[in-house]
Amino acid sequence: MSKLFVLSEQASIAHHYLTDLRSVERQKDRRLFWDSMERLGFLLAYELSKQLNYEQATVKTPLGTKEHYRLPDAPVLGVILRAAIPLYEGFRRMFPEADTAFVGEYRKEGSEAGGAEGVEIEQFYTTTPALEGRTLILIDPMLASGKSIVTAYRALAAKGGEPQALHIVSVIAARQGIEYVQQQLPSARCWVADIDPALNQKAYIVPGLGDAGDLAFGEKL
Ligand code: URA
């Protein structure tokens, strides 16, 4: 089974949402930006749902019975503050019974000046339910160097234990970020809406979409 799923490999409505997210004109509409992130989250969550473990269930309808599958164990959704919140919303709508873990972290000021190699992550908050035996879906819209998602996973696993299955979700991923994640977390499956070729000097994804947190919440100081 492939360890990487890329939503944009097929022409679908996902491309329409990606153009809304990336367009320097359309992303001025914050509500559209949020909605597009959330819709891509919903689509990625549906694709990912095909890889979860189900149990058979017999449903009694008013007129008879029918066999279906039910998800016996809700996943844990891991959110990296703050940019992941709109994307998380799409996952939360798909998995309303999920638990949620949070990680607060940021790039150390100036550390990205040397590009991806220099990026250092500072963490300030981690809260999680127990993860052992569970499925963790770790959500971050922009997978650039990959360091923030790997750091977030390690913090969650240190506190909550090792999950049974790990899924990493991003909207736009740089190829080198995916390679870093695959090397550091070889058991993880990655789910991305699109892959971009490069990072710039400040370790931002090119062409990317800019700063996902600022676009969703306003420019930080
Ligand atoms: N975070 C963002 O918001 N954008 C990038 O391109 C990289 C990290």
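No lab work stands behind these numbers, since they all come straight from the coordinates. Not measured: the values here are computed from a predicted model. Glycine gets a Cβ as well: all are built from the backbone with ideal geometry, and neighbour counts include every protein chain shown.
Only lysine pairs 8 or more places apart, or on different chains, with alpha-carbon atoms under 22 angstrom apart are counted in the chain, and they number 11.
Protection proxy ranking of 159-169, 68-78, by the mean of other Cβ atoms within 10 Å over each peptide's residues and highest first, is 159-169, 68-78. Among T135, T65, T19, the order by Cβ neighbours within 10 angstrom, fewest to most, reads T65, T19, T135. Helix 13-22 and the long axis of the chain differ in direction by around 30°, with both axes built from C-alpha atoms. By how many degrees, between 0 and 90 and to the nearest 10, does the Cα long axis of helix 30-49 differ from the longest principal axis of the chain? Between the helix axis and the principal axis of the chain, the angle is about 50 degrees. Distance from the C-alpha centroid of segment 37-60 to that of segment 129-148: 18 Å, rounded to the whole angstrom. Among L138, L44, L185, determine the one that fluctuates most according to a GNM of the chain built with springs between C-alpha atoms less than 10 Å apart. Ranking L138, L44, L185 by mean-square fluctuation puts L185 first. Highest mean packing first, where packing is the average number of other Cβ atoms within 10 Å per residue, the peptides 116-122, 206-212, 27-33 line up as 206-212, 116-122, 27-33. Against the chain, whose longest principal axis comes from its Cα atoms, helix 85-94 is set at around 10 degrees.
Expressed in Å, the radius of gyration and Dmax of the Cα atoms of the chain are 17.7, 66.
A cut-off of 5 Å between modelled amide H atoms, ignoring neighbours fewer than 5 places along the same chain, links T100 with L77.
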